[in-house]
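Asks: So that we are looking at the same thing, I have put the structure below in structure tokens.
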Amino acid sequence: MSTRALPNETVELVEHVIAYQGRFRVSRYQLRHGLYQGGQSAILKREVFERGTAAAVLPYDPQRDEVVLIRQFRAGSFAAGRHPWTWEIVAGIIDDGETPEVVVRREAIEEAALDIGEVIPLHDLIVSPGACSEGCMIFLGCADTSRAGGIFGLEAEGENILVKVVPFIEARTMLEHGEIDNAITVIALQWLMLHRDAVRARWS
């Protein structure tokens, strides 16, 4: 659900061109928008990285009180000067005709060889609105972690994914010590921290 518009939060598109098209797309926009004090802004020129909408799931075993995290190389982290291997949750881009629930179940199998049971929607958010159009729908998924773990991913897509089962208390410690810097994963784990007792009662 989008946030509610306040008075004069309007946009006029002047021009839109595709500046680059590869695996992803970069668009160049010229636009003007309403001002809170009234009137319109000058024409603004903005480049936007367009990646589509993703869906992500944090697999959680309420009986064993464990979550499943994945770790893989990320070019964006490398370009930002960070350690380019990051702890994340399962995620993938939503293709035309797919629902977010279908995507997280498919990606859980591809990335972690894991079947997901009931899912609980957590948040529907935009990742970096200043320069990127990517949104993400985040879920918590019920899973059996007793046999989870290993190395997975699609070789044809250059994926080499480490799958690790992590006790909830350890995941919380990793979060508190800054070992997890992926925003979607931080949000999902913080949600579970707030609602863990209710989730365990629901899935008992």
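Asks: Applying the selection to the stretch 71-92, what residues are β-branched (V, I, T) and either in contact with a Ser or Thr (Cβ under 7 Å, 6 or more places away or on another chain) or over 19 Å from L58 (Cα atoms) (or both)?
Replies: T86, I89
Asks: Separate question: Mind listing whichever residues of the stretch 55-78 are aliphatic (A, V, I, L, M) and surrounded by fewer than 17 Cβ atoms within 10 Å (Cβ to Cβ)?
Replies: A75
Asks: Look through A156, A171 and report the one residue that is of a type outside the set (D, E, K, R), assigned to a helix (DSSP H, G or I) and modelled with pLDDT under 95.
Replies: A156
Asks: If you go through the stretch 1-23 one residue at a time, do you hit one that is over 26 Å from T173 (Cα atoms), surrounded by fewer than 13 Cβ atoms within 10 Å (Cβ to Cβ) and among the basic types (K, R)?
Replies: yes
Asks: Here is a follow-up. Exactly one of (1) at pLDDT 95 or above; (2) of a type outside the set (K, R); (3) more than 19 Å from I94 (Cα to Cα); (4) surrounded by fewer than 20 Cβ atoms within 10 Å (Cβ to Cβ) is unmet by I120. Its number?
Replies: (3)
Asks: State all residues of the stretch 133-153 that are among the β-branched types (V, I, T) and in a loop (DSSP other than H, G, I, E, B); if no residue qualifies, say none.
Replies: Across the stretch 133-153, the qualifying residue is only T145.
Asks: Next up: Just one of (1) closer than 20 Å to L189 by Cα; (2) small (G, A, S); (3) touching a residue at least 24 places away in the same chain (Cβ under 8 Å) trips up A131, so point out which.
Replies: Condition (1) is where A131 drops out.
Asks: Could you please let me know if L189 is more than 24 Å from G76 (Cα to Cα), surrounded by 15 or more Cβ atoms within 10 Å (Cβ to Cβ) and in contact (Cβ under 8 Å) with a residue 24 or more places away in the chain?
Replies: Judged against the criteria, L189 is not a match.
Asks: Another question about this same structure. Mind telling me which of the residues G81, G52 ends up being at positive phi, of a type outside the set (A, V, I, L, M, F, W, C) and exposed (fewer than 13 other Cβ atoms within 10 Å of the Cβ)?
Replies: That would be G81, the only listed residue that is at positive phi, of a type outside the set (A, V, I, L, M, F, W, C) and exposed (fewer than 13 other Cβ atoms within 10 Å of the Cβ).
The values are calculated or read from the model by the stated rules, or taken from the named source; none is laboratory data. Keep in mind that this is a model prediction, so the values were computed, not measured. Note that each Cβ is placed from the backbone with ideal geometry, even for glycine, and that neighbours are counted across all protein chains shown.
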